[in-house]
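The values are calculated or read from the model by the stated rules, or taken from the named source; none is laboratory data. The shown structure was predicted, so the numbers you read here are calculated from the model rather than taken from an experiment. Cβ atoms come from the backbone with ideal geometry, glycine included; neighbour counts cover every protein chain shown. Heads up: the accessible areas ignore ligands, DNA and RNA and are worked out on the full protein's heavy atoms, side chains in. Shrake-Rupley method; radii C 1.70, N 1.55, O 1.52, S 1.80 Å.
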Amino acid sequence: MVTVVVIINTVISLILLYIARRVWQLKKRLANIANQLTAAERCTHAVLDKAPSNISIRQQNIHNLRQGNHSIQVQIQQVRQIFSLLLVGQQIHGRYFVKRGLGTKFKKKIVVKSIEK
């Protein structure tokens, strides 16, 4: 009877020793995972900690570029209007003054050379 109890206790002890070893391995694995997650959190914190100020700076830069772009667009529009007025003036000059012989003093002469074979 004592032998049976000793055998049962030995088997229970071996099973508990196996479970304790597995728990210890699991604890070691979880500690490694926790260390890796902590390192990843530190890296992301270092990057994301500066994100709000970087975003604010970038938004300000975009605003400044849009303001500069707006003034350039206004200047381009003014240049287009000037060219449009010049074109209208040239057309009026061509239709009215040149047809009536009131054009410029220097008239262009077109010279056509004939090529003899």
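Structural remarks
- Projecting the Cα atoms of Q77, N32, V88 onto the dipole axis of the stretch 1-89, where Lys and Arg carry +1 and Asp and Glu carry -1 at the beta carbon, places N32 farthest toward the positive end.
- Cβ-based net charge around R21, under 13 Å, with every Lys or Arg adding one and every Asp or Glu removing one: +4
- The alpha carbon centroids of the stretch 1-40 and the stretch 62-79 are separated by 72 Å.
- Rounded to the nearest 20 debye, dipole of the stretch 30-95 from Cβ charges on Lys, Arg, Asp, Glu: 340 debye
- Label positions at S84 and R22, each projected 7 Å from the Cα along the C-beta direction, are separated by 8.4 nm.
- Accessible area in square angstrom per residue, the stretch 1-92, 1.4 angstrom probe: 94 Å²
- Rounded percent of accessible protein surface that carbon and sulfur make up, the stretch 12-75, 1.4 Å probe: 63 percent
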